[in-house]
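So the structure is just underneath, and the comments pick up after that.
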Amino acid sequence: MEKALNGQIRAELESAYLYLSMASWFDANDLPGCAHWMKKQAAEEQEHAMKIYEYVVARGGHVILEAIAAPRNEWKNATEIFQQTLEHEQKVTALIYGLVEKAMEMKDYATRGMLSWFVQEQVEEEEHAMEILAKFKKLGEIPISLAMLDKELGDRS
């Protein structure tokens, strides 16, 4: 279980790295609100990694940090980025479900309990990504739509 949790720490940090790369693309393409949203998302993923890190340590385990691959850094447009965001969150959800299954197989009830928070968090993550993607698909990539959505995403606290 410890090895699997270490793998999830890597996955959460990879997510943070990907979202920071997306933020950089938005900054380079004059969409500071979208960049802000992605920077917040990156910080949230780092918090997720630390939540698992602290859990492993609290249970007497040893956190082993694994290599993180360089993330993608070019996209066609904002819609493509949010499409990838949704797909990425769905991938993370599958990873979390795999951890839950492993914890249940091992009768590791403490880890199963800790992971229940992540299961609920992934529902929210996917929901937010779907909502934003739907707006980009509906409104398109015309300048006025981009400006409106950029402002909305820039309001994320």
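List of remarks:
- Residues considered: Glu121, Glu89, Glu80, Glu152. Of these, the only one that is open to solvent by 40 Å² or more (accessible area, probe 1.4 Å) and within 22 Å of Ala16 (Cβ to Cβ) is Glu80.
- So Met130, is it open to solvent by 80 Å² or more (accessible area, probe 1.4 Å), part of a helix (DSSP H, G or I) and in contact with a Lys or Arg (Cβ under 8 Å, 6 or more places away or on another chain): no
- Only a single item in (1) of a type outside the set (Gly, Ala, Ser); (2) free of Cβ contacts under 8 Å to residues at least 24 places away in the same chain; (3) surrounded by 18 or more Cβ atoms within 10 Å (Cβ to Cβ) is not met by Glu54, and it is number (3).
- Close Cβ contacts (under 9 Å, 6 or more residues apart or on different chains) running from residues in region 107-123 that are more than 23 Å from Gly60 (Cα to Cα) to residues that are hydrophobic (A, V, I, L, M, F, W, C) and surrounded by 14 or more Cβ atoms within 10 Å (Cβ to Cβ) comprise Val119/Ile96; Val119/Val100; Glu121/Ile96; Gln122/Val92; Gln122/Ile96.
- All of (1) free of Cβ contacts under 8 Å to residues at least 60 places away in the same chain; (2) assigned to a helix (DSSP H, G or I); (3) closer than 23 Å to Lys135 by Cα hold for Tyr97 with one exception: (3).
The values are calculated or read from the model by the stated rules, or taken from the named source; none is laboratory data. Fair warning: this is a prediction, and the values are worked out from it, not measured in the lab. In this analysis, Cβ positions are derived from the backbone assuming ideal geometry, glycine residues included, and neighbour counts consider all displayed protein chains. Side chains included, ligands, DNA and RNA excluded: accessible areas come from the protein's heavy atoms. Shrake-Rupley method; radii C 1.70, N 1.55, O 1.52, S 1.80 Å.
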